[in-house]
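S.K.: Have a look at this one.
The values are calculated or read from the model by the stated rules, or taken from the named source; none is laboratory data. This structure is a prediction, so every number in the text was calculated from the model and none was measured. Reconstructed Cβ throughout: ideal geometry from the backbone, glycine too, with neighbour counts over all protein chains shown. Quick note on the areas: whole protein, heavy atoms, side chains included, nothing else; ligands and nucleic acids left out. Shrake-Rupley method; radii C 1.70, N 1.55, O 1.52, S 1.80 Å.
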Amino acid sequence: MGFLDFKNFLKSENDKQIKNFYNEISVLVVKFNFCLAFSKKFIVLKLFADN
């Protein structure tokens, strides 16, 4: 394994980690938005149920 091969290997590993990081963040954002929307609906239903 030459030095350049090693550098390319590190770069590709780094790119993978960055992509995984962004994927995990986007999944969290989607889950958060879903929970937010769900809780809003739930609150609205609760308000109507109380009346």
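S.K.: Kindly establish whether D15 is out of contact with any His (no Cβ under 8 Å at 6 or more places or on another chain) and open to solvent by 100 Å² or more (accessible area, probe 1.4 Å).
M.R.: No; evaluated as a whole, the condition is false for this residue.
S.K.: Run down F48, F32, F3 and say which single residue is out of contact with any strand residue (DSSP E or B) (no Cβ under 7 Å at 6 or more places or on another chain), of a type outside the set (V, I, T) and surrounded by 10 or more Cβ atoms within 10 Å (Cβ to Cβ).
M.R.: On the way: F48 fails: surrounded by 10 or more Cβ atoms within 10 Å (Cβ to Cβ); F3 fails: surrounded by 10 or more Cβ atoms within 10 Å (Cβ to Cβ).
Only one candidate passes the filter, namely F32.
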